[in-house]
Amino acid sequence: MELGVIGLGTMGANLARNAARNGAKVILYNRTPEKTDLFMKSYGKEGSFVPCKSFEEFTKAFESRKAILMMVDAGEAVDKVVEGLVPFLRENDILIDGGNSHYSDTERRAAALREKKIQFIGMGISGGEEGALNGPSMMPGGDADAYAYLGPLLTGMAASDGIGGKCVTYIGPGGSGHFVKMVHNGIEYALMQLIAECYDLLKNLGGFDNEGLSEIFVAWNESDELHSYLAEITAKIFTKKEKDNYVIDLIADAAGQKGTGKWTTQAALEYGVAVPTINAAVDARILSGSLAERAEAKSFPVMVDDTEPIPRHMKFRSSIRSGMDLSSICAYGQGFALIEKASIENGWKLNLSEIARIWRGGCIIRSSLLSHLQDAYSLDSGIAKAANRVLLDRFRGDKQKEWRQVVELGISWNVPVPALSASLTYFDALTRGRLPQNLIQAQRDFFGSHSYERIDKKGSFHTEWNTQ
Ligand code: NDP
């Protein structure tokens, strides 16, 4: 099998090496040729690589059907590369965009390339630098025929799912692969924010030091419920030192973002799906970066409710763990609900169970919860019911009470808990028998004659609210 790789940055270089390790002849091109030279000097002996300095040389290096993976910055760069390559491509050649492109750009590019009979795959890739080299989770969408051709190589390159399979599957048509990757990143934002809030509470209310915090995250990662890649790396972060200082304490508290979280909240609004935990995580990053506003607000009066007792060490850490567990289930649930709605509206026919399966390894949001979600979204209703029961059981009894207490403590003591509280109110809104939106409907009808539906009879009704 031959694979072309364009863009030898962090991801492209590692994916090229991964493909070569899986027996592919890998044809290389990078806009800045020195990077290609450096690649060959560092890794050229690892496998069969063909370095090229122009698109013409690059495309001529193929002996069979061309399959080209583009690993360049999302946006204009992808369009530029496509534009430069197209004159050298033939019918049925395959272009794969492995970057974090917006799914609507993928749909646009797929439509334009279809007219030229060039096949296109929009493939979300998760796992970062290390995953790209040793096994990422890959979410390819687009031409099914192209996937049939690429499938064996991608399967070889992907991470193991832990149950005998690999973390890649054909997602669906059009931009569905990039849509699923976008939502993956939205869930990633939510989980990272939830962990950050737990850290804030444990450190500033619970009094845990960095070694204690690390030990908590090690325990989470060793537990059946909270085992996850993010818990694993968080445990390591707390013990990393630079001379006598912990690195975590030297890092500025303004988080960056590249846009996939924002895109998820935008898509959720467009598709009419509530994703409050993801929204809260995006807002929290924006607020953390609003340095001028934060500096000004330092003089605002803050009145804490110091009558709210903080539980003792072990009790407190167990309550936080309950909050993290139940909030995470809500975050994943919101992401899957968004994928499901987009799938129905676009006729993508996505298999949610398969999506949960390919997230079980390689990717940033891999966690033990995904095995339950795989079963819960499975077509086999026996397993699905069992998995749902397992997850619902986690909301019973003390765990849910502890979740409420954790949110309450944050609010009482001026520790912001936007994602923990968004998950809790999401759960409460879903489970409450009757919501107060009857009043909203009455108000809308009052000022705009928007009419309302009733619970005692069918139809659409309007009331003259000002007449007695
Ligand atoms: P890097 O910044 O390491 O590399 C970017 C690459 O894009 C370079 O090879 C660069 O070439 C090339 N490039 C940029 N603009 C152009 C252009 N106009 N024409 C041709 N080539 C261009 O990025 P990453 O490898 O980290 O990311 C690549 C893609 O993968 C992005 O879409 C990113 O969002 C996505 N991604 C990244 C992950 C990560 O953990 N880093 C994880 C998952 C996805 P040059 O050397 O000439 O500048």
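The values are calculated or read from the model by the stated rules, or taken from the named source; none is laboratory data. This one's a predicted model, so the numbers in the text were calculated from it and none came from an experiment. Cβ: placed from backbone, ideal geometry, glycine included. Neighbour counts: every protein chain shown. Just the protein is used for accessible areas: all its heavy atoms, side chains included, with ligands, DNA and RNA removed. Shrake-Rupley method; radii C 1.70, N 1.55, O 1.52, S 1.80 Å.
Just a few scattered comments:
- Translational D in µm²/s for segment 93-192 (Stokes-Einstein at 4 °C, 1.567 mPa s, Kirkwood Rh from C-alpha pairs): 95 µm²/s
- Based on alpha carbons, the Rg and Dmax found for segment 1-145 are 14.0, 40 Å.
- Counting heavy atoms of the protein chains alone, THR463 has an accessible area of about 40 Å² for a 1.4 Å probe.
- Heavy atoms of TYR43: accessible area, 1.4 Å probe, square angstrom to 10: 70 Å²
- Using a probe of 1.4 Å, the accessible surface attributed to ARG317 totals some 40 Å² when neighbouring protein chains are kept in position.
- Normalised by the number of residues in the chain, the average gap of Cα pairs under 8 Å and 6 or more apart makes the relative contact order 13 percent.
- Using the alpha carbons alone, the radius of gyration of segment 219-310 stands to its Kirkwood radius in an Rg to Rh ratio of 1.05.
- Heavy-atom accessible area order for SER460, SER319, largest first, 1.4 Å probe: SER460, SER319
- Straight-distance crosslink candidates among aspartates and glutamates, where the alpha carbon sits under 15 Å from LYS401 and sequence neighbours closer than 8 are dropped: ASP325, ASP393, ASP428
- Only Cα pairs under 8 Å and 6+ residues apart enter the sum, and on that basis the relative contact order of segment 2-173 stands at 19 percent.
- Segment 313-390 - accessible surface per residue (Å², probe 1.4 Å): 38 Å²
- Distance from the Cα centroid of segment 78-98 to that of segment 329-365 is 29 Å (rounded to whole angstrom).
- 21 Å Cα-Cα threshold exceeded, pairs from LYS181/LYS349; LYS203/LYS241; LYS240/LYS399; LYS117/LYS341: LYS240/LYS399; LYS117/LYS341
- Dimensions (Å) - the chain, Cα atoms, principal axes, largest first: 78, 68, 52
- Projecting label points 7 angstrom from Cα along Cα→Cβ for GLN441 and PHE461 puts them 0.9 nm apart.
- Reach of LYS25 by Cα under 22 Å, taken over lysines that are not fewer than 8 positions away in the same chain: LYS35, LYS41, LYS45, LYS53, LYS60, LYS66, LYS166
- Each of the peptides 96-102, 261-267, 201-207 was scored by the mean count of other Cβ atoms within 10 Å over its residues; in descending order, highest first, they stand as 96-102, 261-267, 201-207.
- Loop-exposed GluC sites (Glu not before Pro) per DSSP, neighbour cap 10 Cβ within 10 angstrom, longest uninterrupted part of the chain: 92-463
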